[in-house]
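Below is one structure, written out as C-alpha cells, with a few remarks after it.
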Amino acid sequence: MTTVDDWTPETDLGTPYVDGETVGVTIDGRTVDVPAGTSVMRAAALAGIEVPKLCATDSMKAFGSCRMCLVEVEDAKGVPASCTTPCADGMVVHTDTEQVQQLRQGVMELYLSDHPTDCDGCARGNCEIQALATRVGSAEVRYGLGQQHVEEATDASNPYFDYDPAACIVCSRCVRACSDIQGTFALTVEGRGFDSRISAGGTDFLSSECVSCGACVQACPTDALAEKSLVDLGMPTRSVDTTCAYCGVGCSFRAEVKGEGDDTRVVRMVPSKDGGANEGHSCVKGRFAYGYASHDDRQMHPMVRDTTADEWRVVSWEEAIGRVAEGFRAIQAEHGVGSIGGISSSRCTNEEVYVVQKMVRAAFGNNNIDTCARVCHSPTGYGLNQTFGTSAGTQDFKSVESADVVLLIGANPTDAHPVFASRMKKRLRAGAQIVVADPRRIDLVRTPHVEAAHHLPVLPGSNVAFVNAMAHTIVTEGLHDEEFLRSRCEGVDDYLAFIAREENSPESTASATGVPPEELRAAARLYAGAPNAAIYYGLGVTEHSQGSTMVMGMANLAMVTGNIGREGVGVNPLRGQNNVQGSCDMGSFPHELPGYRHVSRGEVRDIYESLWGVTIQPEPGLRIPNMFDSAIGGSFRGLFVQGEDIAQSDPNTQHVEAALSAMDLVVVQDLFLNETARFAHVFLPGSSFLEKDGTFTNAERRINRVRPVFPSRVGKDEWRVVCEIAQAMGYDMHYDSAAEIMDEIAATTPTFAGVSFARLDAEGSMQWPVNDAAPHGTPTMHVGEFVRGKGHLVETVYVPTTERTTRRYPLVLTTGRILSQYNVGAQTRRTANQTWHPEDVLEIHPADAEVRGISTGDRVELSSRVGTTTLTAVVSERMPAGVVYTTFHHPVTGANVVTTENSDWATNCPEYKVTAVQVGVANAEQRADGAAAQRDLAAQP
C-alpha cells in the first residue's frame, strides 16, 4: 500500500480535500491512501497510473469536459470523469476497461475530425493530439480527418501569435485559460456540434478584449494557437530558468532557446509553474516583449566625446574606463570629494546595484548615491519603516487569496501589475469584495464578473484626508481592534484622540476628497468588518507631497483594525520596476547602507569599513534632486548613471536638462542611447536581463535568480565594468563572479544572511528576511510582533499640496501606466508592443472637453507653470471633471516637461500625481509637429 504523508493538491486535478482525513482507494489493483476529496485522476497518478486527459491541465480547475479521462467505478452508475470525481473510502476504480477504451476512442474520433492530417505542430512536436490518439488507440475516423474549419483563414492580427481555425479541436482549454487564469473572458465558443469554433468576441484577436498574456497559447494542445517565433525559428533545443525584467511582480520564466554563444536565439519565454510570484502565468510584456535585447538600436561598444556637441567615437573598454576614472578624479581634485556621485538602476541585479553603491562609497569617498526609487516608492520605505520597522511590504502575493476585502488605493494592477491583477480578480470572483480609491475609474471598478463594492474617486492631493476619514469612521463607531492596539502598538491614546477629531471626519474632509461622506463611511465599515482586509497601493499614494504621510496613514489603518501579521491582510506596495525593492535593499539611498541601516550608525559602518578598508562618511550624501540643484549651483560636477533615463523619467525636464548640461562629466551605462545620453560624455553599453547572472527582488521581497541565456553581447558584465572603474580610480574592487558578490551581501546584511546562489538554485526563490530565525524566508512579516517591537501609530495631519489650480491652470493632471508599455518605454517601444500604444494620449472628461472645443483625436496643448507639450486627446468619463490623465512612455510626448519640482516632505519623491494644467486645442504649428512626431513613431521598427 502506498501512503502519502506530505501531499499538496493541484487545483486542476482534484476537488478540495478535507485536511487531516484520508481514504483508501484501489485503482487497477493498486491501493493508495490519499486525503479525502482527492480526485481519482490524482490518486491514480500517485499510484503510478497515468489516465489519459485533455481538458485537465496543471493550472486550471478540473472541468471534466473532454471525456478522455473516463473510468469505471465499481458499484457506481455511469462512467465518470476521473478529474472531477472525488475518491471515497473503499472505492475500486478501473481505468482501462473495454467499455472505457471504446468511449475514449469514440471521443477521439470527434477530436481528430477537427485535427488536420498535415499538422505543423505534430511535425514540430508541439501538438498533443497524435500522441493522445496513439495512447487511446483510436480507430478509423468516420467523420473524416481534419474536415472542420478548413476554409477559414488564419487570424494573424496579433503580432505575437497566430490563430489557425483549421488546427483547432475546440477543446475549450484556451477559453478556460482566458477566464480562469487571466480573468479577461475575451474568448468563447460559438456555434454547436461540428460548427462550433473558438471566437475572440466575434472579431480578430487584435481588435478583441484579448490582452495577449499568452495563457491561451500555453493552454492550446494543438497548433491552433502558436507563437510566431516558434513558427519562424522552430522548436527550441535547450532552456534556461530566469526572471522577468519588467514590473515588480517578478515572474519566473523558462527561456527556451536555439543555438549557442553569440548565435543563441530566444524562441519563446514560457512562464514557470514553479514561479512563486506568477505560478505559470504571464503578461504581454514578460511573455513576448523580449526582442529589445537584440534590437538594432542597442549599443554594443563604449563611446566617448569631449562635449555633447561632438559626435560619438567608439573606443575600447580600456579607454572608456580610463576616461571615466580620470575625469572623476580631476573633478574631485578641483571641486572636492563630494562633487561627484552615482545613480543606480532598478532594472539591474542586486549584485550590480550593490557594487555601484560600493564604488560610490569606497572609490568616490562619499554617500552621493541614489536610485530611481527616489521618484517612485521612497515614501514606502520611509513610512513603513517608521510604523512597522522595515521598509517593505508585509505579505506575499498568494496572501490575497485569503483576503475578504481588498482596499486598493492609487494603483491600477491590470495595467501596471497584470499577473498579480489576475490573481486578485480570481479572488474577487470567488467572493471577496474590493474598494477602489482612485480618481480614475480603473478596470477593477467594473470588469467581467467583478464589480467594486465602492469606487471612491479621491481627488488628487487629498489622500491623507481620505485615509484619516476612514480611520475616523472606524474609531468613532467603535469598529477598531482595541486588544490588538493595546497589546501590539505604541502611541495608542494620542493617535485615537487625534483621529477622533471632527476635522478628520468624512463630512469635514469631503470638500477636499470629493468623496460623499456616506459612501466613505460604508467603505470604512466594510474594511473594518472583514475577517481579513488587505491594503494594496501604488504610485497614486507615494508620488505626492504627503506620500510618506499617506503610507503611515495606511499603516495606521491596518493597525487600528488588527489587519497585520497573518495571511490575507497587510499593507502591500505594488512596486513598479523589476528590482526597485532590491535596489533599495542594497543601500542605494544616500542615508542608508545595505539592509536599511543608517550611515550614522557606527557599528554598521564598522562592518563595511573593516571589509572594504575605507572610511565611510557618517553623514548622508546628496539625493537626486540635491544633485541637480548642486549641479546648477556649480558644486556638483560629475555623475554616473546606471540604467536610468533621468532626462525622461524625472520631473520638471527643463530643470533636469539644465543640471545635466552644467556637469563636466556625465557617464551613462545603458542598452540604448536614451534621452539622458544626449548630455553624456561617456557611454558604457549595458547588458540585458538575458545576459545577466544574479538576482532580482520583487515587490513581495522575493529573491529570484536571474541566469544568463547567452554571454554578454558587449563583452563585459555590468558589475565588472563598475569594479574596473573603481580600480582605475585607485580602489581595489574585484570579484570572480556574481555569486561572490551575493556572498558579501549575505555576510554583511542581516536580512540576506541565509541567501546564496547555491541555495536559490537548489531550493528556489526566498523572501527576505532569510536568516537563522527564518531559514527558508518570510512570506508574512510582523507575525506576533513588529520588526521594531511595537507598531508605531503616527498622527497623520493633512496638509494640502501647494500645487493649486488657478484661473490660468484650472485642471489637475495625474499620470499612470498602460499594460503594453513599460516605464519610459525604452524596452517596450522596441518591440511589437508598439502595436497597442504607439503614443501617449491625454484623457479628458467630456465636460472639460466641451467647454474647450476638444474632440477625440484632436491635438491639444498641455501646459503647466513649468512647461508645455502636445498630445492627442481622448474624451473619456474615466476621470472626474477637472482631472486629466496621461501616460509617460514616449519621449516625443515628454509628459515630465509639465510636472513640477514639488515633492514629498520626507523623501523628495516628486509630486507627479498633482500638476495644475491648462488644456487647449493646439495651433497649426503644434499640430504639424505632432503629425511629424507620429510619422516618426510609425517609422520605428
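The values are calculated or read from the model by the stated rules, or taken from the named source; none is laboratory data. All of these numbers come straight from a predicted model, not from anything done at the bench. A quick note on method: Cβ atoms are made from the backbone with ideal geometry, for glycine too, and the neighbour counts reach across all protein chains shown.
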With the first residue restricted to the range 23-42 and required to be on the phi > 0 side of the Ramachandran plot, and the second required to be buried (at least 24 other Cβ atoms within 10 Å of the Cβ), Cβ contacts under 7 Å at 6 or more apart or on different chains are Gly37/Gly14
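Would you confirm, using the coordinates I've provided, whether Glu209 is part of a strand (DSSP E or B) and of a type in the set (Asp, Glu)? Please lay out each step first, then the result.
On the way: part of a strand (DSSP E or B): no; of a type in the set (Asp, Glu): yes.
Here the answer is no, as Glu209 does not meet what is asked.
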Quick one: would you say Glu763 is surrounded by fewer than 19 Cβ atoms within 10 Å (Cβ to Cβ) and under 24 Å from the mean Cα position of the chain (by Cα)? yes
Can you spot a residue in the range 657-674 that is among the acidic types (Asp, Glu), under 19 Å from Ala826 (Cα atoms) and not in a loop (DSSP other than H, G, I, E, B)? yes
Which residue out of Thr796, Thr814, Thr780 is touching a Lys or Arg at 6+ places or on another chain (Cβ under 7 Å), in a loop (DSSP other than H, G, I, E, B) and not aromatic (Phe, Trp, Tyr)? Thr780
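Checking the condition in contact with a helix residue (DSSP H, G or I) (Cβ under 8 Å, 6 or more places away or on another chain), among the hydrophobic types (A, V, I, L, M, F, W, C), surrounded by fewer than 21 Cβ atoms within 10 Å (Cβ to Cβ) and farther than 30 Å from Glu724 by Cα, which residue from Val231, Val315 passes? Spell out the reasoning first.
Values: Val315 fails: farther than 30 Å from Glu724 by Cα.
Of the residues listed, the single one that is in contact with a helix residue (DSSP H, G or I) (Cβ under 8 Å, 6 or more places away or on another chain), among the hydrophobic types (A, V, I, L, M, F, W, C), surrounded by fewer than 21 Cβ atoms within 10 Å (Cβ to Cβ) and farther than 30 Å from Glu724 by Cα is Val231.
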If only one of Ala471, Ala465, Ala403 is touching a residue at least 40 places away in the same chain (Cβ under 8 Å), in contact with a Leu (Cβ under 6 Å, 6 or more places away or on another chain) and either closer than 27 Å to Arg788 by Cα or assigned by TED's automatic domain parsing to the domain that holds Arg817 (or both), which one is it? Ala471
Number of positions in the range 567-586 that are modelled with pLDDT under 95 and among the acidic types (Asp, Glu): 0
Within the range 45-77, take every residue that is within 21 Å of Val100 (Cα to Cα) and of a type in the set (Gly, Ala, Ser) and give me the one that is surrounded by the fewest Cβ atoms within 10 Å (Cβ to Cβ). Gly48
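Kindly indicate the residue of the range 298-315 that is assigned to a loop (DSSP other than H, G, I, E, B) and among the hydrophobic types (A, V, I, L, M, F, W, C) and also nearest to the chain's Cα centre (by Cα) among those meeting that condition. Don't jump to the end; show me each part of the working.
Applying the first criterion (assigned to a loop (DSSP other than H, G, I, E, B)) to the range 298-315 yields 298-302, 305-312, 315.
With the extra rule that they be among the hydrophobic types (A, V, I, L, M, F, W, C), the set shrinks to 300, 309, 312, 315.
Working: Met300: 28, Ala309: 38, Trp312: 35, Val315: 37 Å.
This residue is Met300.
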Whichever residue in the range 146-180 is surrounded by fewer than 14 Cβ atoms within 10 Å (Cβ to Cβ) and at pLDDT below 90 and, among such residues, is farthest from Leu225 (Cα to Cα): Glu151
Any residue at all in the range 267-278 that's surrounded by 15 or more Cβ atoms within 10 Å (Cβ to Cβ), touching a helix residue (DSSP H, G or I) at 6+ places or on another chain (Cβ under 6 Å) and of a type in the set (Lys, Arg)? yes
Can you name the residue in the range 23-44 that is surrounded by fewer than 19 Cβ atoms within 10 Å (Cβ to Cβ) and modelled with pLDDT of 90 or more and, of all such residues, is farthest from Val107 (Cα to Cα)? Gly24
Cross-chain or 6+ apart pairs with Cβ under 9 Å, the range 488-507 first and at pLDDT below 95 and in a helix (DSSP H, G or I), then polar (S, T, N, Q) and loosely packed, with under 15 Cβ neighbours inside 10 Å: none
Please go through the range 680-724 and pick out each residue that is free of Cβ contacts under 8 Å to residues at least 24 places away in the same chain and at positive phi. none
Checking the structure you have, find out if any residue of the range 296-319 is in contact with a Gly (Cβ under 8 Å, 6 or more places away or on another chain) and at pLDDT 95 or above. yes
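Residues checked against (1) in the same structural domain as Leu593 (by TED's automatic domain parsing); (2) surrounded by 15 or more Cβ atoms within 10 Å (Cβ to Cβ); (3) touching a Ser or Thr at 6+ places or on another chain (Cβ under 6 Å); (4) among the charged types (D, E, K, R):
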| position | (1), (2), (3), (4) |
| --- | --- |
| His734 | yes, no, no, no |
| Ser737 | yes, yes, no, no |
| Glu740 | yes, no, no, yes |
| Thr748 | yes, yes, no, no |
| Ala753 | yes, yes, no, no |
| Asp772 | no, no, no, yes |
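Name the helices (runs of 4 or more DSSP H) wholly within the range 333-449 that hold at least 2 residues that are among the polar types (S, T, N, Q) and closer than 17 Å to Gln581 by Cα?
On the way: elements: 350-358, 378-387, 413-416, 418-429.
Output list reads 350-358, 378-387.
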Given (1) out of contact with any His (no Cβ under 7 Å at 6 or more places or on another chain); (2) assigned to a helix (DSSP H, G or I); (3) surrounded by 20 or more Cβ atoms within 10 Å (Cβ to Cβ), index of the condition Thr695 fails: (2)
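Give the residues of the range 632-679 that are aliphatic (A, V, I, L, M) and without any contact (Cβ under 8 Å) to a residue 12 or more places away in the chain, sorted by residue number. Quick ask: steps written out before the conclusion?
We begin by selecting, within the range 632-679, every residue aliphatic (A, V, I, L, M); these are 632, 639, 641, 646-647, 656, 658-660, 662-663, 665-668, 671, 673, 677.
Once the filter is applied, which keeps residues that are aliphatic (A, V, I, L, M) and without any contact (Cβ under 8 Å) to a residue 12 or more places away in the chain, the range 632-679 yields only Ala677.
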